[in-house]
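Structure, as structure tokens:
The values are calculated or read from the model by the stated rules, or taken from the named source; none is laboratory data. Source: prediction; values computed, not measured. Note that we place each Cβ from the backbone using ideal geometry, even for glycine, and neighbour counts take in every protein chain shown. Accessible surface is based on the protein model in full, side chains and every heavy atom, while ligands, DNA and RNA are left aside. Shrake-Rupley method; radii C 1.70, N 1.55, O 1.52, S 1.80 Å.
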Amino acid sequence: PETFQQLLSKFLTDLLVLDAAAIELIYGVMDHKLLELMARDAATFMPRVDINGVLQYYEQQVARGGTTVTTYFSPDELLYTMMYPQTNGSYGLPILDSVINEVAALLYAMDYIANSFSDSEIPPGILHLGVIGDEAYKRAKDDFKTTKGIKKSETKIRVVDNVDVVEWIQLKRPNREQQVVQLLNLIEKIVYRNFGVLPTEVGLVEGVTRATAEVWERLSQIKLIRPLMTMITSNFNSGIIPALGYKDVRFRFIIRRATDNRDEALAERDRVQGGLRTINETRDMDGYLPLQGGDRAFIL
């Protein structure tokens, strides 16, 4: 047997990677009571729908010993959910697909950097020849045109004589290693942004004020954490809690901030003292047990 934390960890991992997660509800043979919850590999399950897109059953295909074993599950035997479902198919859109699309677009946009590593050994710049005759200028210009884009192994040194002053004005750019580091940083930011990870959590930003960090924390929760919590809560309350036979029980998450926010605390106090919320409603939001007499609203 596994703990609920292990079950939820497997469920969330599949959901974030595959945009599909599955929990099997195992019932007793005689009394049909729910006995166990088991996290299953969501990649092996296929929702089967009718022509109107209404779910009929789930089909599982697992390869064993060179053969494929097919098993069928009814909708009440499997809790199968997606975070980003689509109307044009039975499967969701994984976050990793968005990451891959963004990274691919970034690499295509920066393709010229890779070409500059091998196709041209001459750094971008301006060749100032000073006082030079027309014939020598044309010969130098033609030489540069013919050697532009030639690979390093084919590049030849051109010599122009009868020149008073020769000066190479280089257009500075980062070296190859620095460009690779910049590319990796951009890819990391794409991954973190899609998965809702805070820049301060991975050390991308240093010296951030407390107010800015708190704003980022709220944005991170709104983007990924709270939608995940809402979806899991809804699925558990509609698919698992009723199967347990409980009527007055509900599953929920409680997020407690690591540090107290004085502004939020003062605002909550005003709501209670103004009769907008009761004491127990406020305590319930923070995950605390109710107090006797705390269900009555009042105005201070």
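Hey, can you grab everything whose amide H is under 5 Å from the amide H of L78? Only 5+ residues off in sequence or another chain; H modelled, so Pro and N-termini drop out.
So L78 has HN proximity to L25.
Can you run phi through the Karplus equation (6.51, -1.76, 1.60; θ = phi - 60°) for the stretch 89-97 and list ³J(HN,Hα) in whole Hz, with x for Gly and Pro?
Each residue of the stretch 89-97 in turn: x, 9, 10, x, 10, x, 4, 4, 5 Hz.
Using a Förster distance of 45 Å, how high is the FRET efficiency between N237 and V181, based on the Cβ-Cβ distance and rounded to 0.05?
Numbers: r = 47 Å, r/R0 = 1.05.
Computed FRET efficiency for N237 and V181: 0.45.
Each residue of the stretch 264-270 in order: what ³J(HN,Hα) in whole Hz does its phi give by Karplus 6.51 cos²θ - 1.76 cosθ + 1.60, θ = phi - 60°, with x for Gly and Pro?
5, 5, 5, 5, 5, 4, 5
Which whole-Hz couplings ³J(HN,Hα) result when phi for each residue of the stretch 234-244 is put into the Karplus expression 6.51 cos²θ - 1.76 cosθ + 1.60, θ = phi - 60°, listed in order with x for Gly and Pro?
Ordered by residue, 3J(HN,Hα) equals 5, 5, 5, 6, 9, x, 10, 4, x, 5, 7 Hz.
For the stretch 1-106, what is the accessible area per residue in Å², given a 1.4 Å probe and the full set of protein chains? Each step should come with its number before you reach the end.
Working: 6430 Å² over 106 residues.
On a per-residue basis, 61 Å².
Under a plain spin-label model, where a point goes 7 Å from the Cα along Cα-to-Cβ, how far apart in nm are R252 and L35?
3.3
Please list the non-local residues whose amide H lies under 5 Å from the amide H of L93, H modeled 1.01 Å from N, same-chain partners needing a gap of 5 or more.
Y84
Treat every Asp and Glu Cβ in the stretch 235-298 as -1 and every Lys and Arg Cβ as +1, leave all other atoms uncharged, and give the resulting dipole magnitude about the Cα centre to the nearest 20 debye. Intermediate results must be reported in sequence, preceding the final value.
Working: 11 positive and 10 negative charges, 29 e Å.
It works out to roughly 140 debye.
Pull up all non-local amide H partners of Y57: gap of 5 or more, or a different chain, and H-to-H distance under 5 Å with H placed in the peptide plane.
Residues meeting the amide H criterion: R48.
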